[in-house]
1. As a footprinting exposure proxy, order D48, D162 by other Cβ within 10 Å, with the fewest listed first.
2. Restricting the count to DSSP beta bridges whose residues both fall in the chain, what percent are antiparallel, rounded to a multiple of 5?
3. Taking amide H positions as placed in the peptide plane 1.01 Å from N, state which residues far from A108 in sequence (5 or more) or on other chains have amide H under 5 Å from it.
4. Bins of 10 Å, beginning at zero and ending with the bin holding the largest distance: percent of Cα pairs per bin for the range 71-224, please.
5. Are there cysteines in the chain with no other Cys C-beta under 4.7 Å, and if so, which?
6. Which residues' amide hydrogens lie under 5 Å from the amide hydrogen of W363, considering only partners 5 or more residues apart or on another chain, with H built in the peptide plane?
7. Any idea what the relative contact order of the chain is, in percent, if you count C-alpha pairs under 8 Å spaced at least 6 apart?
8. Amide H neighbours of V40 under 5 Å, at least 5 residues apart or on other chains, H built in the peptide plane: list them.
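Derivation of every value follows stated rules applied to the coordinates shown; laboratory data play no part. Model, not experiment: these values are computed from the prediction. All Cβ positions, glycine included, derive from the backbone under ideal geometry; neighbour counts span all protein chains shown.
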Amino acid sequence: MKIDLILPPNPILQSPLMEAPLGVLYLAAALRKDGHTVTVTDMRAEPDLNMALLPDHADMYGVSATTGEYHYAKEIAVHLKKNHPKSLIVIGGPHATFEWKSTLQDTAFDVAVLGEGELTTCELASGAELAKIKGIAFKTGNKGKSQEISKTAPRPLMEDLDSFPFPARDILPYDHVFTSDLYYGARYGHGEIATSLITERGCPCHCSYCANWDRKLRFRSVENVVDEIKHLDEVYKCKRFRIVDDEWGMGRPRSMKLLDALQGLDIHFRAHTRSDVVDLELLKAMKRAGCDEISFGVETADDAVLKLVNKHETVEQHRAAIKMAKEAGLRVKTYFMVCLPGETWETINKTKAFIEDTKPDKWTLSTFIPYPGSDIWANPRKFGVKILEKDFDKFWLFHDQSVIETNVASREELNQHRHNLWQFLSKYDAARNR
Ligand code: B12
Ligand code: SF4
C-alpha cells in the first residue's frame with residue numbers, strides 16, 4: 001500500500017523544524033517494515049496549508065495533530081476527501097485520541113487512531129476489517145446525518161518497545177530531522193547538529209493540566225537505546241540529542257544503567273524531568289554521561305497551586321532539584337506556567353521571588369491551556385475554572401491570551417499576570433546577559 005503521513009503547519013513555534021517529529025517517524029518505520037511505501041508530507045515550516053506538497057496519490061493518508069493543529073487537520077481532510085475519494089483518510093495523535101467522537105463527527109476523516117499508533121496503523125494498512133482493529137474509532141453506515149461512529153476495544157500498549165524499528169529519520173530531508181536549533185535552542189544561539197530521541201514512553205503521574213494518554217511507564221532496553229545512538233553517529237554524524245521522554249529518569253536502576261552505558265559514547269544531551277525524580281547521585285551520573293542541561297517543570301512557586309493541579313511536588317523540591325543540578329555542573333532550565341487555577345498576584349510574586357532566588361539558566365513561560373485529555377478540561381469546576389473559549393485555533397501554550405477565568409482571577413487579570421511575569425523574566429535575562 002502507498003501511505004502518506006502528514007504533519008500540519010506549526011506557526012506558533014519559533015523554529016518549527018527544531019524537533020524531529022518522532023511519532024510520525026516511528027509510524028513510518030513500522031509501516032515500511034511491513035512492506036508499505038511511505039512518504040511524509042512535512043508542512044511544519046510552511047506559513048499556511050500547502051496542499052501542493054501532498055503526493056498525487058496514496059491509498060491511505062494519515063494526518064498527525066495536536067489540539068492546536070486540529071483546524072489544519074480538518075481542512076486537509078476536506079481537501080483529501082474531495083481529491084482522493086477512494087483513499088482511506090486517517091487522523092492520529094493527541095487530539096483525535098481524546099476527542100475521537102467530535103473529530104469524526106466534525107470532519108471528513110474516515111478513521112481516528114487512538115493512542116499508540118504503530119500496530120494499529122499497520123493493521124489498518126493491511127486492509128483488516130475496521131471493526132476488528134483495536135484502538136480505532138470509525139464512521140459506519142451511510143454518509144450524511146445517519147452516519148454513526150463506532151469505537152473498537154482499546155489497543156494494549158506495546159510492552160516490548162525494542163520491537164519497534166528506529167524512527168525513519170531518512171524519510172525527510174536531513175535538516176527537518178537534524179537541526180542546529182535543538183541543541184541550546186534557537187533563543188540561546190544555534191548549536192551543533194542534534195536530533196530528538198525517546199528512551200522510555202509514558203508517565204504514571206496525573207497532573208491536572210497534562211493531556212497524556214499514556215500512563216504506563218515502559219522502557220526501551222539500554223542496548224536498544226545505545227544501538228540507536230551509535231547508528232545516528234555512524235550514519236548522520238549526530239552526537240547531540242534532546243531526550244523527549246515525558247519525564248526522563250523515572251525508572252531509577254535502568255536510568256543509572258543507561259547513563260553508565262552512555263559514558264563511553266562521547267555524546268551530549270539534554271533532558272527534562274520532575275524535581276522529585278532527581279538526586280545528586282543521578283544528576284552527577286547524568287553529567288558524566290554527557291548531559292549538559294536538565295529542565296524541570298516548576299510551573300509555579302506556590303504550594304497551594306501545585307497541590308490544586310495535582311503536581312505532587314512542592315516548591316522546596318523544585319528549589320532543591322535546581323540547587324543539586326547546578327552542583328552537579330548542569331545548566332538548568334525551568335518551565336513555568338501562568339494563568340493556572342488558583343493563581344493570584346500573590347502567587348505570581350512568589351514565582352518571581354523563586355526565580356530571583358534559584359537563578360535558573362534558562363526558562364520557558366507557557367500560558368495554561370485546558371487541553372482535551374486533561375482533568376481540568378474534563379472537570380473545570382473542580383478547579384474553580386470556567387473555560388471561556390473552546391476555539392482550538394487558540395489552544396497553544398505560548399498564546400498570550402488566557403482562554404479561562406477562575407474563581408480567584410478574571411481573564412483580564414490572568415492576562416495581566418502573564419504580561420507581568422513575561423516582563424519580569426525578560427528583565428531577568430537582560431540583567432544576566434549584561
Ligand atoms: C516532544 C514534544 C514536543 C516537541 C515535538 C513535538 C512532536 N510532534 O514530536 C515540541 C517541543 C515541538 C512540542 C511542541 C508542542 N507540544 Co508537545 N509534546 C512533546 C511530547 C513530550 C513527546 C512527543 C513524542 O515524541 N511522543 C512520542 C511519540 C511516539 O508519540 P506521539 O507523538 O504521540 O505519536 C504516537 C501516537 O500519537 C500516534 N500518532 C501520532 N500521529 C499520528 C498520525 C497518524 C495518522 C496515526 C495513525 C497515528 C499517529 O502514533 C505515534 C506512535 O505511537 C508530548 C507528550 C507525549 N507523551 O507524547 C507533548 C505533547 C504532544 N505536546 C503537547 C502540546 C500541547 C504541545 C504544544 C501545542 C505546546 C505549545 N507550544 O503550544 C506545542 C505544539 C506542537 C504541535 N506541533 O502542535 C501536548 C498535546 C496535547 C493536545 N491535546 O494536543 C502533549 C501531549 C503534552 C501533554 N501531555 O499535554 N512538543
Ligand atoms: S506533566 Fe509530566 S509529570 Fe505530570 S502527568 Fe504530564 S508527563 Fe507526567
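1. On the way: D48 9, D162 14.
In increasing order of surrounding Cβ atoms, one gets D48, D162.
2. Working: 13 of 55 bridges.
So the antiparallel bridges amount to about 25 percent of the total.
3. It is V78, by chain and number.
4. That works out to 9, 28, 34, 22, 6, 1, in percent per bin.
5. Lone cysteines by the Cβ rule: C122, C203, C205, C238, C291, C339.
6. The answer is T334.
7. Values: 838 pairs, mean separation 51.0, N = 434.
Computed value for the chain: 12 percent relative contact order.
8. Residues meeting the amide H criterion: L5.
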